[in-house]
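Here's the structure we're looking at; comments come further down.
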Amino acid sequence: MSSLSVSSNGIGVANLPNQKHKIIASKGTNFTLMVCGESGLGKTTFINTLFTTTIKSYRAQEKRHDKQLDKTVEIEITKAELEEKMFKVKLSVVDTPGFGDYINNRDSWIPIVDFIDDQHENYMRQEQQPSRQGKIDMRVHACLYFIRPNGHSLKSLDIEIMKRLGSRVNLIPVIAKADTLTPNDLQKFKENVREAISNNNISIFSCAVDSEDEETTVRNQSIASASPYSVIGSTETVQTADGRQVRGREYSWGVAEVENDDHCDFKKLRNLLIRTHMLELISTTEDIHYEYYRQQQMATRKFGEPKLKKSENPKLREKEEVLRKTFTEKVRNEEARFRQWEQQLINERDRLNKDLEAQHANIKRLEAELDQLYQQGGGRNHTVRR
């Protein structure tokens, strides 16, 4: 085999990463982030703090619980386009208002789980089309589940939904409003949450740690070990005791800084979501979660066959049952009223018949008396003629 002489500059294969970089930089990317948790945990504030701009509008306090009587979980999608150093990201933020806000939260996770599955299904259907140009990708790349800082551990509702989310999406647990707990209480709460996650076999996203660069490995270890991530959200700039202008919340005892690692894990979570592991979140969604969904569906369906209809939503079934009971009760009441009216008509008919019979009998009696009077009068006339 003859040897090939290669110039000292090579043939140019090493430029492929640069070409790939240019293609990605020109196209940009899609990134879908879901925030899930009870109302009042600062999800909207966190999103606006994370992207340093108003992505989501705040819901008016007086209207926050307007739809509680409906007892349904909604899906709200907010889209924005971010650009930094000529690189564009088409961002979609998925919110789940109504989740966990009711006394009875049974099956309230179903609309959320269905939404995630539906995005996989929609993408798979697009891939099966003859023309795959302009595919719409709304697959959820990361789900931030906000945990109320109660100081104890996960609630049963948290455990149930996290089990279902962890098998479908990159689940990232977040402890909301970390400034409401003391450092010792926060650390203890983190340990309790980690223990609950482990005991209930909940799958959560953990970033890759090992790297060729030692500094990167140390940083990744720091990010991974911080889970669940405690966060403080604030879009306001306040002044610290030493005169610094920082984003945070001002209290009588001092300032809780958003980007201070001693106060919360906001910077680590931001690195995980955007600065260092966004590509890993996207590729994990593509290679693991979507691929698992696709394999499960293709094993039970023929190519191009529509997905089997899902079981009825328990919330809708419950609402339908209430409507059915209300309708049945109204029909029963109306039937009772009709029976009462019918009985009244029958009674009135019987009374009128009796009155008619009485009148008829009275007429017969009067006719008999009249006949008798005629007979008596005729007898007298005959006697007089004789």
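The values are calculated or read from the model by the stated rules, or taken from the named source; none is laboratory data. As the structure is a prediction and not an experimental result, all values here were calculated from the model. Note that each Cβ is placed from the backbone with ideal geometry, even for glycine, and that neighbours are counted across all protein chains shown. All accessible areas refer to the heavy atoms of the entire protein, side chains included, with ligands and DNA or RNA removed. Shrake-Rupley method; radii C 1.70, N 1.55, O 1.52, S 1.80 Å.
Sorting the Cα pairs of region 23-310 by distance into bins of 10 Å, from 0 upward, gives 6, 26, 35, 24, 8, 1, 0 percent per bin. The GNM of the chain, with springs linking C-alpha atoms under 10 angstrom apart, assigns the highest mean-square fluctuation among 90, 330, 190 to 330. Segment residue 283..residue 53, full-extension length gain: 80.2 nm, with 0.36 nm per residue of separation and the alpha-carbon distance subtracted. Within the accessible area of region 316-376, the carbon and sulfur atoms contribute 57%, probe 1.4 Å, all protein chains present. Protein heavy-atom accessible surface, 1.4 Å probe, per residue over the chain: 65 Å².
Counting charges near residue 230 (Lys, Arg +1; Asp, Glu -1) among other residues having Cβ under 10 Å from its Cβ returns a value of +1. Each peptide among 343-352, 217-226 gets the average number of other Cβ atoms lying within 10 Å of its residues, and from highest to lowest they stand as 217-226, 343-352.
So what's the net charge close to residue 333: Lys and Arg +1, Asp and Glu -1, counting the other residues with Cβ under 14 Å from its Cβ?
Details: positive: 325, 330, 332, 337, 339; negative: 329, 334, 335.
Once all neighbours under 14 Å are counted, the net charge is +2.
For the residues 25, 196, 208, a GNM of the chain with alpha-carbon springs under 10 Å puts the largest fluctuation on 25.
The distance between label points at residue 27 and residue 167 comes to 3.2 nm (points 7 Å beyond Cα on the Cα→Cβ vector). Residue 100 sits among other residues whose Cβ lies under 9 Å from its own Cβ, and their net charge, with Lys and Arg +1 and Asp and Glu -1, is -1. Considering only 130, 228, 149, the Gaussian network model of the chain with Cα springs below 10 Å gives its largest mean-square fluctuation to 130.
Which part of region 128-152 falls in the paramagnetic zone of residue 298, meaning amide N under 14 Å from the point 7 Å along Cα-to-beta-carbon? Residues passing the 14 Å test: 128-129. Taking 7 Å steps out from each Cα toward its Cβ at residue 376 and residue 261 produces label points 13.1 nm apart.
Work out the FRET efficiency for residue 180 and residue 326 from their Cβ-Cβ distance, taking R0 = 56 Å, and round it to the nearest 0.05. Kindly include the intermediate steps, with their values, before the conclusion.
Values: r = 43 Å, r/R0 = 0.76.
Plugging the Cβ-Cβ distance into 1/(1 + (r/R0)^6) gives 0.85.
With 30 Å as the limit on Cα-Cα distance, the pairs of 190/307; 163/325; 163/190 that go past it are 190/307; 163/325.
Working from Cα pairs under 8 Å separated by at least six residues, relative contact order for the chain is 13 percent.
Seen against the Cα atoms of the chain and their longest principal axis, helix 183-199 is set at about 70 degrees. These residues, 331, 93, 13, go from largest to smallest accessible area, 1.4 Å probe, as 13, 331, 93.
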